[in-house]
Each structure stands twice: as structure tokens, then as C-alpha cells.
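Notes follow once the structure below has been shown.
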Amino acid sequence: MRFLFRFALVAFCSIPALCLFGAEKPSNREVGENKATPTSRIKAVKDFKVELLYSVPGGEQGSWVNLCVDPKGRIFASDQYGGLYRFTPPAPGEPLDPAKVEKVPAQIRAVNGMLWAFGALYVGVNDYEKKIPSGVYRITDSDNDDMPDKVELLRQFKAGSDHGVHAILPSPDGKSLFLVCGNNADLTPSSSTRVPFHWGEDHLLNRMPDGRGHNRDRLAPGGIIYQFSPDGKDFEVYSSGYRNIFDASFNRDGELFTYDADMEYDFNTPWYRPTRINHVTSGSEYGWRNGAGKFPEFYPDNLPAVHNIGPGSPTGMTFGYGAKFPAKYQNAMFVLDWSWGKLYAIHLQPNGSSYTATREEFLSGAPLPLTDAIIHPGDGAMYFAIGGRKVQSGFYRLTYTGTESTAPVKTGSTANAKERKFRHELEKFHGKQDANALKAAWPHLDHKDRFTRWAARTAIEHQPPTTWAERALTEKNPGRQVEALLALTRVTGIDPQHRKPTDAPADKAMQQKILNALTKLNWKKLNHEQRLTLVRTYQISFVRFGRPDDSTIQRILAQLDPQFPAPTFDLNWLLCETLVYLQSPTVASKAIALIKDAPGQEEQMEYARSLRFLKTGWTPALRTEQFEWFLKAANYRGGASFEKFLEFIRTDAETTLTPDEKAALKTVLAKKPVKKSPLEAMAEALAGRTNMTEWTLETIAPAAERGLKKRNFDNGRKMFGAAGCFACHRFGNEGGMTGPDLTGSGGRYSARDFLDQILNPSKEINEQFVPMIITRNDGETITGVIVNLNGDNVMVNTDPANPFQQEKIDRKLVKSIEVSKFSPMPEGLLDLLTEEEILDLTAYALSGGDRKHPMFR
């Protein structure tokens, strides 16, 4: 088979590169000590010029992580472990004179966020070396010498690691400030909150902590964005549920956005959430929980991302307003990725009262640990810094050199102005009790726009439940009622992990009323999102009030059991969890069948995670299949905690076995997994096939071009997995990270172009995944992906099937970097598939996983 050699060559000799170094071989000077990444290794979009203005001397000025501009146009830079520096940008074409980089005398350090406002320099300090308190400081000029020197601590925070106190930014009206905090900054006392203070972990089945112990003690609300007064006395919780947000930015519509981090240990698990752009609306919650407890986007008690990006380490962000760039980039949101050396241009499109987005790789390099970027109001250039974690730091300028107009674009979005204005009217009721709130918000609990619906429910959750509980229990509109019952459950119940000694016991009478109302809802009259809300409300009720009585359980099973399995993974996720909790006698056979049919490891793993607590409905054959799955899963790959998570699932499952079951399963329980390569696993998925067709674009594309109609969705999904696509490519909420995200393929490719990418992978290689060959001074070569930096050390992933097989390289000892001409994607992946299977796979990929797409009619 032609793909055998190519696959082996790729798997062991070439890895998808996350950063483009540049085709030429750099000189030793370019990779030497105290020299920032040269522009020869940085690639920007057409007609943009990058200048390296300054290589920061690490011994004297540290490693820069934050930038801001003062009213006189001077730039301030902060050392992650040291102080502040000030300088004026040099003239075009000139480097920054080291003699003109001034040390700011203020006794401050570890600044992770800076803003000039109200005649002072506000800074967010995150000093996890604990030499000074972390928190919000104000620095002013005490002696009128034009240099800030007086330091005031306005609000101290208890924060740990680099997930602490970060950016400060001005409100759109210029009257207040916003503070961005990661999930290791403790909640500070606040005078008010737009996020209702009844958050919980809300896990129906016991959460698995991170297998390596990361943040096991951190509970909700996670990372928070605050709005606060200039004097630092009044703080309000504005939004919560983030992992590690470093920066945020307002667009011209006055809407706030942030760029949240993923948890790389979770790669290829169902609870992995990629780095993502979030719309920070009033009272919003984004569902970060520790370990395996992160909320998926379809949970109605958190909000979805505007745009999911993938693995990375988010740092700075800014809009292009004021830049002397073409209009497209003036309106873009620019976000920086530290570990992958990417600067993305995010292009927003109005969608309801929120937005969707597309991304464009605007600038990349390696190593290029991007930390912050600003648009200078004087010259309209973008200035950005690299640094952090004591790596070699540099300061750069980016300018446009093309012929397109750079005239200022000042108009904001008007396409969804009406929708946003209406959401803002509902948000006026957040954080306070108001007699008019119910009248204004109630009719919109079933609003088709999720962000408007969220604003309405949040307004109601801020009102005393005694004023609306009965209305929720008796509401005749099923869409409104299910949302109201979710609100009532959240407001009147308390998550045991957040219960205080002074809290009243769980109100079982209220739970019974809520459950009675939920069981009366007609499943057929609810749309897909409302069905998700129904099942999720059951879950939160069980968590916060406890297990209901047996007669109520039977009524719930009568309502939910017939709905499982459902047509979609998200609904099956919730139904499987809930039916396992209720110990349904039918869920074992149904869930095992789903595991067998699921093409991706994430979906299989999710059902296995739920089944680990099921004690009823098992037969010897089903139990055997349950534990044989663990032998198969031992060959799956994921993040650093992946194997521990599998171990946790199996350990919990074994505790549900009776003595007789343990005896009957003795052989399978003692069996050790046989380790297989990704190639062998792919061959196993297509076991028994002997007929091969060496498909070419000319032999298969005409069939696809004649029209993809009446294709088989389920078979397309199955072939997507069988052909190994999930192993490297993200698709929806599943898949690997070593190839391009294919979720939006339908918007990028025709059927012919999509097949061309598969059949001729080296014809045009996606720049983000070009294999790189690194040669050391001693002649040794390493091929891999740069995944992390620390000081002068660069971590390179050397196995595409194992994200955490890494080798440490001292970048000072690198002689050359070369670009491979071969794609890491092997040829021949479709050779064992029939024409009909290829067409089904193509339709599935181009549909974005939408079962209702016209291609399946």
C-alpha cells in the first residue's frame, strides 16, 4: 500500500510545525545570546513590514510582557519579574537606541497589565514570587519631573502562579476601569455583581480531578473580569468562568472580548476546550471548572465562544482602531499566541445580539513568544513584544507598505445594533432588584438568540425568587418554562461544594415542585436547545437538592429513557449522564452500542466516563465489552493527563463490579493492552478489506462535482474516523491538534479542492503545519513542533501521535532550521474506501457536522 511508506516517513521523520521559521538558514549570530528573533524568521501577510527595533538585554531589563502608551506617545514596557521601562518609538527605519530606554523609578515589579487613565498609570501586578502584593496599583508623578514614581496599592489580591492579576482597560464611557483576572486570583470583595452569586460546580457524576494535580483545589467561579472605580474602592463582578485570560478589548460597538486559554493536559478528551474568543457580556459565565469538569459549550448554564482557535497560550489583544492599515485590518481584533508564535486577525460578523468570527494568520515566527501588542496613536503602527518566562525578549514594529487606502474607518457595526440594544436593555436589571425586571425579561426567556435569552434569565435570577417561583412552576409556554425552571433551580438550590455552615438545608419541597413541573413538559414541543436545558436542569436539581424519591425517579425515567439514544452527541452526553445517575436499567446496552459506533475517541470516552458509575442493567457480555474498551483506549493519545483520566475511569468502573462479576471478568480484567501505532489502529478500523483503489483526483472528483445529494451522514462520520481524520484534525468538539481544524471546511473548500487536499497533501501545505528540521551545532537533527519555551530552552514535540513526547533544545546551540517539502499528512488515506464512502466522508466534512445539511436530503 502506497501510504505505508509515506506514513512511516511522516510519523517518524517529519512533524507538523506550529511556527514558520523561514526558509533560509539563519546565521549563528541570528540565534545567539541577547539577540531577539530576527525578522527573517517572521512571516506577515502581504504588504506588511516587520522591523526588529530592540533586542532586550535580559540581564539588565528582563523579559517584557506588557506595553502601553502614555499621553505623550511614549511607550512603557514591563519586565515579568522586574520593573518598568519607558522610551519613544524611533523614526521609521531606525532601531531603538538602548541609551534612550529609561528605567522608571517607581518601586513596582511583575506588572502584567498597564493603562494610562485619569492622569495616572494603572498597573495589574501578578507577583507569584511574592516580593510585593499582587493587585491593582496606581502610579503617579509626585514631584512633577515627568516620571511616575509614587506607588499606591488600590486593591490587593491573593493570586498564585501566572493565572492571576492581568490587564486593565478603560470602559467605553471613560468613567470606570475593567480588570482581567485568571482562575488563580481569589474573588475580591465586591460592592455588587452582575453574575448571580449562586454558582456551583454542578457535576452530576463525580468530577475527575486533573491527573497531574493541576488546580485540584480551585472551584468556581474561575477567572473573573471586574468593573471598578478609578479610586479602586468599588469592584463589581462583571463576568466569570474563565481559565487564564490575560487581556481584553472593546470593539467600536462597546462590546468587550477576551481570549481564554485551553488546558493542554486535556487534549483529545471530550472536556477539552480550545483557546477561544469570548464575548464578555454582562453577567456572563463561561464554565471553567477544574479537571474533567469543564462545561461544554452546549450546557445552557454557560455561554459559547464567538470563535474557537485551538491549542495555544493566549496573551495580548487589541483592535486595529487607529492603525494605518487597510480597512479590513483596522476593524480586526488582533490576538497573540505565546507558545505557537502566532498573531491572529479575528474578523467579527454580527450574529443576533453577539457575533461569530473567522480568523486569519496575520503574523507568525519561531521562536516568537508574543506577549503584547498596541496600535500607536501617533504613527498608526503596530508595536509588539516577545518575551515572558525569562526568554529572550524583543520589541518590534509592524507597518503597512502596500497601495490600499489606510484612511481611518470610524463606523461601528450596525447590522445587529437593534439586537444588541435590546440585550443591553435587559442587562440594566443585572446586579439589582427592580420591580420592572420580570415584566421586561420574562417574555424573552425563549428568545431565539442565546445571548438575549441569557440576559433575560440573568435579570430574573437577580430578583427575589418569592416574586416569580410560582410563575415559573405554572408557565404555559414550554420554552419559557424550561428556562425559568433552570433559573429557579439555580437560585433556590446550593451546590454542596459551595455550601456554607450558615446555609439552610436543601429545600426538598421546592425540588419536588420543580421536578413535577419538569416531568410534565412535553419533549416533542421543545426544540433542541430547550431539550438540552430540560435535561441539564434535572442534573442541577439533583446536584443541589439531592436524589429524589423512587416514584419521582420512575416518572423521570419514563420521560427521558425513550429519548436515549438521541441523534446528536450533545444530547446523548446529557442523557447518558442523567440516566446513569438514575440507574436506568436500559442505559448500559444503549451506551455500549454508542461506544462501538462512535468514530472518535472523545465520544467513546464520554460515554465510558458516565458508565463508570452504573451498577444496573449489565449482562456478562456488556460488562466484557465495557472493559475490553479500556484495552482499545490504551492506544488513544492525548494530553499529559490523558492516561491518568483513563485510569480514573477504569478504577471507578471496577468499584461497581459485584464479586460474581469480578470472578466472571477475571480474564479480561487481567489482560494487558497491546500497544499499536496509529497506522495499525487505522488498519484495524478497516479490518478485513483487501480491495484497494489508488484514487486520484481525476478518478474521484467528477463524482463529487456531480453533486453531493442524499449522502449518508452516519456513514460519513464513521469514515471520517476510519480514515484517521480525527487523529490529527479538530472537527467540532472532537479530534486531534496536529492538523488544520476541519470544522469550517465547507466555507473554505469545494468538494474537488477538499479531495485534492487529501489526495495530494504535499501540493500545497498549510503554513501552520509545515514540517521543520532543526540542526544543532554538533550536526544532530531533530524534526518536530515547538510547543513551549523557558529561558533559552525550547521544547520540541517529536511524535505527532503523542503531544507530550518532547525534547529540550538550547536555542543558542541551533545551527540551522530548514523547511520540509513533504506534508506530514500521508498519501493513500482513501485507498481502502469505496467511492460511496469517500463521497459520504466528503459530505460530512463539508457540512460542518450538520445532520440537517441539504447534502443529506
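The values are calculated or read from the model by the stated rules, or taken from the named source; none is laboratory data. Owing to the predicted nature of the structure, the values given are computational and were not obtained by experimental measurement. All Cβ positions, even for glycine, are placed from backbone atoms using ideal geometry, and neighbour counts span all protein chains on display. Surface accessibility is based on the protein's heavy atoms, side chains included, excluding ligands, DNA and RNA. Shrake-Rupley method; radii C 1.70, N 1.55, O 1.52, S 1.80 Å.
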Worksheet item: So what's the gap between the Cα centers of the range 397-429 and the range 31-63, to the nearest angstrom?
Response: 32 Å
Practice prompt. Treating cross-link reach as a plain straight distance, find the lysines whose alpha-carbon is under 18 Å from the alpha-carbon of Lys72, omitting any fewer than eight places away in the same chain.
Written response: Lys100, Lys103
Worksheet item: Can you pull the percent of the range 173-285's accessible area that's carbon plus sulfur, 1.4 Å probe, other chains left in place?
Response: 43 percent
Worksheet item: In terms of Cα to Cα distance under 18 Å, which aspartates and glutamates are near enough to Lys812, apart from those fewer than 8 places away along the same chain?
Response: Glu24, Glu30, Glu33, Asp778, Glu780, Asp792
Worksheet entry | Reach of Lys421 by Cα under 29 Å, taken over lysines that are not fewer than 8 positions away in the same chain | Lys175, Lys328, Lys410, Lys432, Lys439, Lys448, Lys476
Worksheet item: Just how large is the dipole of the chain about the Cα centre, in debye to the nearest 20, putting +1 at every Lys and Arg Cβ and -1 at every Asp and Glu Cβ?
Response: 1560 debye
Worksheet, complete the sentence: Taking the alpha-carbon centre of each part, the distance from the range 332-346 to the range 121-175 in Å is 25 Å
Response to the item:
Counting only residues 5 or more apart in sequence or on a different chain, those whose built amide H sits under 5 Å from that of Met772 are Ile15, Ala17, Gly784, Ser820
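Just the number please: accessible area per residue for the range 412-531, 1.4 Å probe, all protein chains included, in Å².
50 Å²
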Worksheet item: If we sort 695-705, 498-508, 844-854, 598-608 on the protection proxy, mean other Cβ atoms within 10 Å, highest first, what's the order?
Response: 598-608, 844-854, 695-705, 498-508
Worksheet item: Which Cα, out of Gly283, Gln511, Pro761, lies furthest along the positive dipole direction of the chain (beta carbon charges, K/R +1, D/E -1)?
Response: Gln511
Response to the item:
Heavy-atom accessible area per residue of the range 164-208, all protein chains kept, 1.4 Å probe, expressed in Å², is 32 Å²
Discussion item. Output wanted: per-residue J couplings in Hz (rounded whole) for the range 192-205, from phi through Karplus 6.51 cos²θ - 1.76 cosθ + 1.60, θ = phi - 60°, x for Gly and Pro.
Written reply: 7, 8, 7, 8, x, 7, 10, 5, x, 6, 6, 9, 5, 9
Worksheet item: Ignoring any ligand, DNA or RNA, what whole percent of the accessible area of the range 451-541 comes from carbon and sulfur when the probe is 1.4 angstrom?
Response: 53 percent
Worksheet item: Expressed as a rounded percentage, what relative contact order does the chain have, with Cα pairs under 8 Å and six or more residues apart?
Response: 14 percent
Worksheet entry | Considering only the chain, percent of DSSP beta bridges that pair antiparallel, nearest 5 | 95 percent
Worksheet item: Between their Cα atoms, which of Lys390/Lys675; Lys342/Lys852; Lys49/Lys815 are more than 28 Å away from each other?
Response: Lys390/Lys675; Lys342/Lys852
Discussion item. Using a 1.4 Å probe on the protein heavy atoms, what percent of the accessible area of the range 297-417 belongs to carbon and sulfur?
Written reply: 51 percent
